[in-house]
1. Checking the condition at pLDDT 90 or above, exposed (fewer than 10 other Cβ atoms within 10 Å of the Cβ) and β-branched (Val, Ile, Thr), which residue from Val3, Val47, Val74 passes?
2. Residues that are β-branched (Val, Ile, Thr), modelled with pLDDT under 85 and surrounded by fewer than 10 Cβ atoms within 10 Å (Cβ to Cβ): does region 6-14 have at least one?
3. May I ask you to say which residue of Glu19, Glu53, Glu60 is loosely packed, with under 10 Cβ neighbours inside 10 Å and out of contact with any helix residue (DSSP H, G or I) (no Cβ under 6 Å at 6 or more places or on another chain)?
4. Out of all the residues in region 1-27, which are free of Cβ contacts under 8 Å to residues at least 12 places away in the same chain, assigned to a strand (DSSP E or B) and not β-branched (Val, Ile, Thr)?
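The values are calculated or read from the model by the stated rules, or taken from the named source; none is laboratory data. From a predicted model like this one, the values you see are computed outputs, not experimental measurements. Methodologically, a virtual Cβ is constructed for each residue, glycine included, from the backbone with ideal geometry; neighbour enumeration extends over all protein chains shown.
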Amino acid sequence: MLVLSRVKNETIMIGDDVEITIVDVKGDKVRVGIKAPKNVPVHRKEVYLAIKEENLRAAEQPAALDLGALDLGVLGDLFKMQPPPNLAAPRSKIEPPRKDSPESA
């Protein structure tokens with residue numbers, strides 16, 4: 001573990017993107033400000049451990065959907081089905097009325 005001494009308003013850099021600044025010191029409490037990219041999670045250790053524990057518990061629970069219970073034969077049959085006859089037939093071409101028809105008069 002690297003141990004550094006800092007006083008109020010001094011900063012420590014971690015890599016190029018994370019800044020840790022000593023904001024205030026009162027007695028045995030130190031307030032720390034942390035600037036980090038949004039994709040870098042920042043948590044107090046007790047919160048981090050609680051998140052990690054919850055994630056482990058969630059991973060151990062069975063999935064809500066039991067894929068083994070699915071009847072894949074039925075799904076296969078659905079993909080083999082032909083469309084209804086009215087959808088399978090080609091669309092008829094709509095022609096304008098002929099000049100000699102009663103509709104054109």
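1. One residue alone meets the criteria, Val3.
2. The answer is no; no qualifying residue exists.
3. Values: Glu19 fails: loosely packed, with under 10 Cβ neighbours inside 10 Å; Glu53 fails: loosely packed, with under 10 Cβ neighbours inside 10 Å.
Just a single option satisfies the conditions, and that option is Glu60.
4. Met13, Lys26 - these are the residues of region 1-27 that are free of Cβ contacts under 8 Å to residues at least 12 places away in the same chain, assigned to a strand (DSSP E or B) and not β-branched (Val, Ile, Thr).
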